[in-house]
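*Asks:* So that we are looking at the same thing, I have put the structure below in C-alpha cells.
The values are calculated or read from the model by the stated rules, or taken from the named source; none is laboratory data. The structure displayed is predicted, hence computed values, not measured ones. Note that we place each Cβ from the backbone using ideal geometry, even for glycine, and neighbour counts take in every protein chain shown. For the accessible areas, the whole protein counts, side chains as well, though only heavy atoms, and no ligand, DNA or RNA atoms are used. Shrake-Rupley method; radii C 1.70, N 1.55, O 1.52, S 1.80 Å.
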Amino acid sequence: MNYYAVQVRTGKEDNFIRLVKLKMKNAGYSEDKCRDIIWPRRRLSERKGGVVRRNLKPLYPGYVFYCGEEIDSELHWIIRRTPGFYRFLKDNKNIQPLSRHDSEILRHFLSFGEIIEHSKVIFNQDNRIEVISGPMMGLEGIIQKVDRRKCRAKIKLELNDNSLLVDLAFDVIKSTEEKNGKQE
C-alpha cells in the first residue's frame with residue numbers, strides 16, 4: 001500500500017477532507033475508498049489560564065494523505081479542484097508515493113489510530129527519557145528535546161526531504177524506586 005501526500009491550506013485540512021469525500025461519493029466512489037483519505041492528528045494538553053484542555057493538532061500541518069495503490073485520473077482531478085488544494089508531493093505532473101522511510105514513519109503513527117494519544121514514559125537515573133508504550137515507542141532516536149513541565153517531546157519528522165519538529169505528549173509513570181525514595 002502506498003501513501004501519497006497532498007499539501008493543502010494549513011488549518012483547513014478538515015474542511016478539505018470533508019469536501020473531497022463528498023465529491024468522491026458524488027462521483028460514485030465506495031465508502032471504503034472515501035476512508036482512504038486520512039489526516040493524522042495528535043492530542044496535546046494545553047494549559048491556559050490555569051485550565052488544562054486536551055486539543056487536537058495535526059501531525060503534519062498542511063498535509064493530508066491518500067492511502068492506495070495509485071491515484072486514478074478521476075480522483076486526481078477531484079482532489080485538484082477542491083478548494084484549499086496546493087499541490088501533490090513531489091509535484092502535480094509526476095505524482096509519486098512517499099519514500100519508504102516516510103511511509104514507515106506514517107504507518108507507525110497510523111498503527112495507533114488516526115488520533116495519536118499520549119505515550120507512557122519514565123525518566124531513568126541519568127534523567128533520560130525511556131518510552132514504555134505509545135506512539136513514541138521506537139522513535140527515541142529522533143527525539144530532539146524534552147519539556148518535562150509541559151510533558152512534551154519534540155520529534156524531528158521528515159516528509160519529502162523537508163524536516164519539521166512536532167510536539168508529542170507523554171505521561172510520566174513513576175517507577176517504584178522513585179516512589180520508595182520519596183516516602184523515606
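*Asks:* Quick one: V6 ticks every box in (1) surrounded by fewer than 17 Cβ atoms within 10 Å (Cβ to Cβ); (2) within 15 Å of the chain's Cα centre (by Cα) except a single one, so which number is it?
*Replies:* Against the list (1) surrounded by fewer than 17 Cβ atoms within 10 Å (Cβ to Cβ); (2) within 15 Å of the chain's Cα centre (by Cα), V6 comes up short only on (1).
*Asks:* Against the definition (over 26 Å from A153 (Cα atoms) and within 18 Å of the chain's Cα centre (by Cα)), how does N15 come out, yes or no?
*Replies:* yes
*Asks:* Considering each residue of the stretch 20-50, count those that are basic (K, R), exposed (fewer than 14 other Cβ atoms within 10 Å of the Cβ) and within 20 Å of the chain's Cα centre (by Cα), and give that number.
*Replies:* Total satisfying the criteria: 1.
For (1) over 30 Å from V172 (Cα atoms); (2) in contact (Cβ under 8 Å) with a residue 24 or more places away in the chain, each residue gets a yes or a no:
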| residue | (1), (2) |
| --- | --- |
| R41 | no, yes |
| V52 | no, no |
| N55 | no, no |
| P58 | no, yes |
| E74 | yes, yes |
| F88 | yes, yes |
| I105 | no, yes |
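*Asks:* Still on this model: Output yes when any residue across the stretch 109-124 is in contact (Cβ under 8 Å) with a residue 24 or more places away in the chain and in a helix (DSSP H, G or I), and no when none is. Can you show your working first?
*Replies:* Residues of the stretch 109-124 in contact (Cβ under 8 Å) with a residue 24 or more places away in the chain: 109-110, 114-123.
Add one more test, that the residue is in a helix (DSSP H, G or I), and what stays is 109-110.
Looking through the stretch 109-124, at least one residue is in contact (Cβ under 8 Å) with a residue 24 or more places away in the chain and in a helix (DSSP H, G or I).
*Asks:* Now a separate question. Conditions: (1) at pLDDT 90 or above; (2) of a type outside the set (K, R); (3) in contact with a Gly (Cβ under 9 Å, 6 or more places away or on another chain). G84 meets all but one. Number of the miss?
*Replies:* (3) is the only condition that G84 fails.
*Asks:* Checking the conditions here, which among I155, I105 is assigned to a strand (DSSP E or B) and at pLDDT 90 or above?
*Replies:* That would be I155, the only listed residue that is assigned to a strand (DSSP E or B) and at pLDDT 90 or above.
*Asks:* Moving on to the next point. Collect the residues in the stretch 51-86 that are open to solvent by less than 50 Å² (accessible area, probe 1.4 Å), assigned to a strand (DSSP E or B) and hydroxyl-bearing (S, T, Y), keeping them in residue-number order.
*Replies:* Across the stretch 51-86, the qualifying residues are Y63, Y66.
*Asks:* Let me ask something else about it. Which of (1) in contact with a Ser or Thr (Cβ under 9 Å, 6 or more places away or on another chain); (2) open to solvent by less than 40 Å² (accessible area, probe 1.4 Å); (3) of a type outside the set (S, T, Y); (4) on the phi < 0 side of the Ramachandran plot does V166 not meet, given it meets every other one?
*Replies:* (1)
*Asks:* A further question follows. I'm trying to understand the selection: among the residues of the stretch 11-47, which are closer than 24 Å to H118 by Cβ, modelled with pLDDT of 90 or more and not hydrophobic (A, V, I, L, M, F, W, C)?
*Replies:* Passing the criteria: G11, E13, D14, P40, R41, R42, R43.
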